[in-house]
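One structure below.
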Amino acid sequence: MTIRLVLADDHRMLREGLRRSMADEGFDVVGEAGDGEEAVRLCNDVRPDVVLMDVTMPDVDGVQATARIRSENPDVRVVMLTMHADDSVIASAIRAGASGYLVKDCSTDEIAEAVRLAADDDAALSPGLAASMLDEVRKLEPVNGNDGDRAVTKREEEVLQLIADGCSTSEVAQQLYISQKTVKNHLASIYQKLDARDRTQAVLRAVRMGIVRLD
C-alpha cells in the first residue's frame, strides 16, 4: 500500500524539493503546509499516514503541531526535520509523539527510510535515535512515583527488551518462540500499562523505569 505523506515546512523551495524526491521514492504526497497550524488542519482533512514536519515554523512550531496532530489523529505518524540536532528539541519532539527525528542535511534515502519506519507499526525502534535523547528525556521527565503500579509481566519485559534492541514483531516472536499475534497482544498490554501511544514511548518509559536498557 502506498504511504500517504504530508510535508510541513515554511520554506516553499524545500517543500518542492521534498515533494519531488518523495514522489520518486514512491510516496503519495497528499498535501503541503507552510506552518504548524496549517499542518494540523491538513491532517484533519486528509488523514495522511506520515507527516514530515519542520521544527522551526512561524506561529505554531513543529513540536506544538506534532502534539496536536497526535492528540487529534493518533494513527498519523510524524517525522521531524530540523537544521540542528538539539537534544532538548529532540526530547520535546519525542514527548509530543514524534516517531523520528532527522537533520536536514541527511540523504533522500535516509528520509525515505524514516518515513517507511514511521508508517510501519511493525517497524523496529531505532536504537540510535532513542540513545541520542534518552538522557535529556530523563532530565525533563522524572519517573513518576505511581509508575510502579503499572509493572509489566516478565514476558512483557522480555518483549520490551527485544524491541529496545531493534527487533521487529516477527523477530521477537522467533526469539521467544511465540506467535506474532501473541507479541502484538503483549505490546497492546504494555501500551496500556505504560500509558504509551507507540513503541518509541513504551521503550523510553520502560528505560526510565529501569525495566529495560539501551546499550
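Could you look through segment 54-80, keep only residues that are aliphatic (A, V, I, L, M) and touching a residue at least 40 places away in the same chain (Cβ under 8 Å), and pick out the one that is surrounded by the fewest Cβ atoms within 10 Å (Cβ to Cβ)?
Looking at residues that are aliphatic (A, V, I, L, M) and touching a residue at least 40 places away in the same chain (Cβ under 8 Å), I get 57.
One residue is enough: does segment 30-53 have a residue meeting the conditions hydrophobic (A, V, I, L, M, F, W, C), in contact with an Asp or Glu (Cβ under 9 Å, 6 or more places away or on another chain) and within 18 Å of residue 105 (Cα to Cα)?
Yes, the conditions are met somewhere in segment 30-53.
Please name all residue pairs, on different chains or six or more residues apart, with Cβ atoms under 8 Å, provided the first residue is in segment 15-34 and is under 24 Å from residue 61 (Cα atoms) and the second residue is surrounded by fewer than 17 Cβ atoms within 10 Å (Cβ to Cβ) and of a type in the set (Gly, Ala, Ser).
From residues that are under 24 Å from residue 61 (Cα atoms), the pairs are 29/23.
Filter the strands (runs of 3 or more DSSP E) completely within segment 46-155 down to those with at least 2 residues that are over 16 Å from residue 204 (Cα atoms) and at pLDDT below 90.
In segment 46-155, 77-82, 100-103 are the strands (runs of 3 or more DSSP E) which contain 2 or more residues that are over 16 Å from residue 204 (Cα atoms) and at pLDDT below 90.
Restricting attention to segment 176-197, which residues are in contact (Cβ under 8 Å) with a residue 24 or more places away in the chain and either among the small types (Gly, Ala, Ser) or surrounded by fewer than 19 Cβ atoms within 10 Å (Cβ to Cβ) (or both)?
189, 193, 195, 197 - these are the residues of segment 176-197 that are in contact (Cβ under 8 Å) with a residue 24 or more places away in the chain and either among the small types (Gly, Ala, Ser) or surrounded by fewer than 19 Cβ atoms within 10 Å (Cβ to Cβ) (or both).
Consider residue 83 carefully, then state whether it is buried (at least 20 other Cβ atoms within 10 Å of the Cβ) and either farther than 21 Å from residue 199 by Cβ or touching a residue at least 24 places away in the same chain (Cβ under 8 Å) (or both).
It is false that residue 83 is buried (at least 20 other Cβ atoms within 10 Å of the Cβ) and either farther than 21 Å from residue 199 by Cβ or touching a residue at least 24 places away in the same chain (Cβ under 8 Å) (or both).
Taking only segment 20-35 into account, find how many residues are more than 21 Å from the chain's Cα centre (by Cα), crowded, with 16+ Cβ neighbours inside 10 Å and either on the phi > 0 side of the Ramachandran plot or of a type outside the set (Gly, Ala, Ser) (or both).
The number of residues fulfilling the criteria is 0.
The values are calculated or read from the model by the stated rules, or taken from the named source; none is laboratory data. The shown structure was predicted, so the numbers you read here are calculated from the model rather than taken from an experiment. Don't worry about glycine lacking a Cβ; one is built from the backbone with ideal geometry, like all the others, and counts go over all protein chains shown.
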